[in-house]
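Asks: Here it is, the structure, as structure tokens.
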Amino acid sequence: MESSQHRGASPETQKTVRINIYRGDAEGGEFVEYDVPLVEGMVVLDAVLYVQAHISPDLAVRWNCKAAHCGSCGGEVNGRPKLLCKTRVDDYEGEEIRVSPMRAFPLIKDLVTDVSWNYEVARSIPEFKPAEKAPFTMYEEDVERLYEPKRCIECFLCQDVCHVLRSHHKHPAFAGPRFFAKIQSLEMHPMDTGHRTEYLKEGRGGIGFCNITKCCTEVCPEHINITDNSIIPLKERVVGDYYDPAKWLMRKIRGRRNGE
């Protein structure tokens with residue numbers, strides 16, 4: 001492990017920014033301090049990549065497009081889930097900048113976490129079941145409600161900030177906000193005939209754990225209103241299917257018949 005002080009700027013550089021980056025793996029680690037030349041318009045990912053290129057080449061960081069489209073550079077800045085490529089250094093003028101990996105997922109090394117659990121959840125969601133074979137006709141108002149969740153870039157910041165995963169580690173029983181948005185896009189598709197309320201309440205979804213803090217909506221870089229437009233409508237569907245007396249009775253009857 002390197003020492004806690006590094007000087008990355010040349011003597012001629014007038015301005016530098018001090019950035020503290022978490023260095024370590026699943027066994028443990030610490031924040032290491034680096035001084036990086038300050039460039040106008042610099043984002044946190046720029047500073048991290050400067051450290052990787054000029055000071056500590058073994059620094060592990062995941063990134064791809066550097067344009068806030070791929071979602072791969074998700075991490076935490078001062079404990080808040082952020083895309084590093086979309087987080088400007090000058091927003092923290094006069095503050096300490098601490099860059100760390102997402103806490104909701106297992107740490108691999110430095111700023112890189114293992115997010116493969118999310119893809120396991122995606123595979124568990126009941127698939128789209130069309131009422132008829134494509135192509136089919138859809139009304140514009142039906143299409144519009146599907147646009148918003150489709151903007152998701154799967155950065156998993158909403159998963160990282162969710163206290164059910166971040167603090168209570170309910171990964172085996174809770175799908176998380178990213179996948180509630182995905183389920184909403186299926187449930188509200190006018191051509192879908194699938195039913196996912198059982199998955200949401202009694203299966204892998206676990207939507208009952210969500211207490212609607214709206215933290216997932218707040219961190220979404222695509223400004224998807226996950227809480228109001230995905231989670232709340234899905235909760236309403238669960239309530240309708242499970243607590244409407246007529247539907248409850250029909251489910252009991254169907255259940256007894258299936259067990260005969």
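Asks: If you go through region 171-192 one residue at a time, do you hit one that is of a type outside the set (Lys, Arg), at pLDDT below 95 and surrounded by fewer than 17 Cβ atoms within 10 Å (Cβ to Cβ)?
Replies: yes
Asks: Of all the helices (runs of 4 or more DSSP H) wholly in region 144-254, which have at least 1 residues that are more than 17 Å from the chain's Cα centre (by Cα) and in contact (Cβ under 8 Å) with a residue 60 or more places away in the chain?
Replies: On the way: elements: 157-161, 163-166, 177-187, 197-201, 215-219, 232-243.
Output list reads 177-187, 197-201.
Asks: Checking residue 3 against (1) part of a strand (DSSP E or B); (2) modelled with pLDDT under 95, only one condition comes out false. Which one?
Replies: (1)
Asks: Taking the options 71, 28, 24, 75, name whichever one is closer than 15 Å to residue 102 by Cα and without any contact (Cβ under 8 Å) to a residue 12 or more places away in the chain.
Replies: 28
Asks: Something else now. Go through region 171-222 and report how many residues are in contact with a strand residue (DSSP E or B) (Cβ under 6 Å, 6 or more places away or on another chain) and not hydrophobic (A, V, I, L, M, F, W, C).
Replies: Total satisfying the criteria: 1.
Asks: Of everything in region 101-131, what is among the hydroxyl-bearing types (Ser, Thr, Tyr) and in a helix (DSSP H, G or I)? Give them in sequence order.
Replies: Listed by number, the residues that qualify are 116, 119, 124.
Asks: Next question. For residue 66, work out the one condition from (1) assigned to a loop (DSSP other than H, G, I, E, B); (2) on the phi < 0 side of the Ramachandran plot it doesn't fulfil.
Replies: (2)
Asks: Got a sec? Which of 123, 145, 151 is basic (Lys, Arg) and either surrounded by 13 or more Cβ atoms within 10 Å (Cβ to Cβ) or in contact with a strand residue (DSSP E or B) (Cβ under 9 Å, 6 or more places away or on another chain) (or both)?
Replies: Result: 145 is the single residue among 123, 145, 151 that is basic (Lys, Arg) and either surrounded by 13 or more Cβ atoms within 10 Å (Cβ to Cβ) or in contact with a strand residue (DSSP E or B) (Cβ under 9 Å, 6 or more places away or on another chain) (or both).
Asks: Also: Of these, 125, 97, 108, which one is closer than 30 Å to residue 191 by Cα and β-branched (Val, Ile, Thr)?
Replies: Answer to the check: 125.
Asks: Taking the residues in region 88-120 that are small (Gly, Ala, Ser) and under 14 Å from the mean Cα position of the chain (by Cα) as candidates, determine which candidate is surrounded by the most Cβ atoms within 10 Å (Cβ to Cβ).
Replies: Here the residue is 104.
Asks: Given the criterion over 28 Å from residue 86 (Cβ atoms), hydrophobic (A, V, I, L, M, F, W, C) and either at pLDDT 95 or above or outside the structural domain of residue 126 (by TED's automatic domain parsing) (or both), identify the matching residue among 157, 200.
Replies: Matching residue, one of 157, 200: 200.
Asks: Same structure again: Go through 37, 106 for me and flag whichever is touching a residue at least 12 places away in the same chain (Cβ under 8 Å), outside the structural domain of residue 215 (by TED's automatic domain parsing) and closer than 28 Å to residue 151 by Cα.
Replies: Only one candidate qualifies: 106.
Asks: On to the next question. Quick check, is residue 47 exposed (fewer than 15 other Cβ atoms within 10 Å of the Cβ), at pLDDT 95 or above and in a helix (DSSP H, G or I)?
Replies: Here the answer is no, as residue 47 does not meet what is asked.
Asks: Any residue at all in region 78-87 that is of a type outside the set (Ser, Thr, Tyr), out of contact with any His (no Cβ under 8 Å at 6 or more places or on another chain), surrounded by fewer than 20 Cβ atoms within 10 Å (Cβ to Cβ) and on the phi > 0 side of the Ramachandran plot?
Replies: We begin by selecting, within region 78-87, every residue of a type outside the set (Ser, Thr, Tyr); these are 78-86.
Cutting the leftovers down to out of contact with any His (no Cβ under 8 Å at 6 or more places or on another chain) gives us 78-86.
Next cut, surrounded by fewer than 20 Cβ atoms within 10 Å (Cβ to Cβ) only: 78-80, 86.
Restricting the remaining residues to those that are on the phi > 0 side of the Ramachandran plot gives 78-79.
Yes; the residues of region 78-87 include at least one that is of a type outside the set (Ser, Thr, Tyr), out of contact with any His (no Cβ under 8 Å at 6 or more places or on another chain), surrounded by fewer than 20 Cβ atoms within 10 Å (Cβ to Cβ) and on the phi > 0 side of the Ramachandran plot.
Asks: What are the residues in region 19-32 that are in a strand (DSSP E or B) and either of a type outside the set (D, E, K, R) or within 14 Å of residue 78 (Cα to Cα) (or both), if any? Outline the logic, then answer.
Replies: Here is the first cut: in region 19-32, the ones in a strand (DSSP E or B) are 19-25, 28-32.
Selection gives 19, 20, 21, 22, 24, 28, 29, 31, 32.
The values are calculated or read from the model by the stated rules, or taken from the named source; none is laboratory data. All values derive from a computational prediction rather than experimental measurement. Cβ coordinates were reconstructed from backbone atoms using ideal geometry, including for glycine residues, and neighbour counts include every protein chain displayed.
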